[in-house]
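Here the structure is laid out as structure tokens; the discussion comes afterwards.
The values are calculated or read from the model by the stated rules, or taken from the named source; none is laboratory data. For clarity, every value in this text was computed on a predicted model and none was experimentally measured. Quick reminder, even Gly has a Cβ in these numbers, built from the backbone with ideal geometry, and neighbours come from all protein chains shown. Each accessible area value is taken on the protein alone, full model and side chains, heavy atoms only, with ligands, DNA and RNA left out. Shrake-Rupley method; radii C 1.70, N 1.55, O 1.52, S 1.80 Å.
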Amino acid sequence: MSERFHALVLAAGKGTRFKSERNKVLHPVLGKSMLRLVLDCVLKLKPEKVYVVVGYQKEEVKKEAALEKVECITQQKQMGTAHAVLAARNILKREKEKDVLIINADHPLLRPETLKPLLALHRRDRNSLTFLSVEVENPAGFGRILYSDNKIRIVEERDATPSERKIKEINAGVYLFKIKDLLRALPRISNQNKKGEYYLTDVIEILSQEKKKIGVHKSSRTQEVVGVNSRYELAKAAEVLRERKILALSDKGVTVCDPHNSWIDLDVKIGADTTIYPSVIIEGKSVIGSQCRLYPYVHIVNSRVGNRVKILSSTVIEESVIENDAQVGPFSRIRPNTIIRSGAKVGNFVEMKNTVFGKKSKAGHLSYLGDCEVEKEVNIGAGTITCNYDGKKKSKTIIEAGAFIGSGTELIAPVKIGKKAYIGAGSTITKDVAPESLAVARSKQVERRRGRRKKRKK
Ligand code: UD1
Ligand code: CA
């Protein structure tokens, strides 16, 4: 027996029950694919190396598995879980004296602390094989574990008799094998079963007949150990991960007012004393600072938010940066590549895209700023629009420090508004405006006295 082991993650199947064109294990839960979650868990157990068996949509799966210490092996045709392990035969042959941990890639909830006792049991008892089992209320779809006359075997749902189907102890799809015993048993597996596949689970019966030592680690963590085969099970898995994430954030001093109504992806980081009101969604690799307040229906994707920032209700922020002490919303839309500098205020129905919005600048109402550079302490009046697109190309608007843009202004880009310049309300600005000057570009108001109307003859 060896303390050193390799890991093999089976990810070549399509996942038919998932009814998707996409390989099941690529589907994300809380911002991470099932495969990545399994790899994260396995890597924490410190195997020498992790091999991923790929097949269906292998290029996409390989991309997802592109991590240090992880290598992919192709299974040309998907002929069952034992056949998948055979794809790694040449690698395993070189490591005969070690163990291999084999895991199905559709177990996104597994945690290292749940697998450690399995490794410990395997080493303590010097087993040839140790695998994970769990007792569930509804065992449908799983392999059932049968114990008789000191022998163990697993029968798959389709091949089970009605009485075998009643068994509630199931195979969780995690196995630790002595490589040399596994390699000896694999070629003896047949595909004479209802599915016509080579089942890895048949190795158990073979080793059992050979009187090899087999251990079963029965886990009590039912929820964590069962895999995901359907979309509904994926939604259930997301629920568990969400709960875990919110618990971890709470432990770090984050207030999540309503854990059942907040969606925070696994990679999101949030600082202490930040309050998350109900119905907030934070996705991707977003980082939120400390002492922030995120009000209801805020949706943040892959963005960075500083400290003491207030994001008011129904605001969407994508791939942008909000610096310290800024305030955004309600009903603002911050599109990719925007930086809102510290102390700035962005209010109702303001949209920004590819814009730097300077320190302590304000855009309180109903404006569009696209491809724009706004320096510090600028005031953007209600209804200001940067006309950045002429149908062919995008052009830039620059507004220098301290400028005042009157309400209802159109800035036709490319255009530059100088330092402390003042734009009269309702202007359509087509030319650069010099610093400290006043520009008004609107037609003059005409006013006439209304004459008495002649009465029409009937
Ligand atoms: C498998 C077990 C079952 C167990 C269950 C636990 C077998 C025969 N059955 O059933 O006893 O209760 O897991 O979740 O192993 N794969 C390949 N190549 C293939 C076929 C599958 O790489 O040719 C991969 C899949 O991508 C998947 C994993 O193996 O990640 C398991 O396959 P799946 O079809 O989900 O097996 P189950 O029917 O769930
Ligand atoms: Ca499965």
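Below are the figures for this structure:
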item	result
Per-selection Rg to Rh, segment 5-225 - Cα, Kirkwood hydrodynamic radius	0.93
Largest to smallest principal axis extent of the C-alpha atoms in segment 129-170, angstrom	24, 19, 14
Shape box of segment 122-225 [Cα atoms, principal axes, largest first, Å]	35, 33, 26
Residue-averaged 222 nm ellipticity for the chain, from DSSP H runs of 4+ at -39500 (n - 2.57), nearest 500	-5000 deg cm²/dmol
Percent of C-alpha pairs per 10 Å bin, segment 339-458, short to long	15, 44, 22, 6, 6, 5, 1, 0
Residue-normalised accessible area of the chain, given per residue in Å² at a 1.4 Å probe	51
Backbone HN-Hα couplings from phi across segment 378-388 [Karplus 6.51/-1.76/1.60, Hz, Gly and Pro as x]	9, 10, 9, x, 4, x, 7, 10, 8, 8, 9
Within segment 282-307, backbone nitrogen closer than 16 Å to the virtual label 7 Å beyond the Cα of Lys269 toward Cβ	283-292, 302-307
The chain, accessible surface, carbon-and-sulfur percent (1.4 angstrom probe)	48
Reference-scaled alpha-carbon Rg (2.2 N^0.38 Å with N residues) for the chain	1.39
At least 20 Å along the helix axis (C-alpha) and Kyte average at least -1.0, DSSP helices within the chain	231-251
Stretch gain in nm, segment Ser395-Asn324, where the contour uses 0.36 nm per residue and the Cα spacing is subtracted	22.7 nm
Computed FRET value (nearest 0.05) for Ser250 with Ser443, which takes r as the C-beta separation and R₀ as 51 Å	0.30
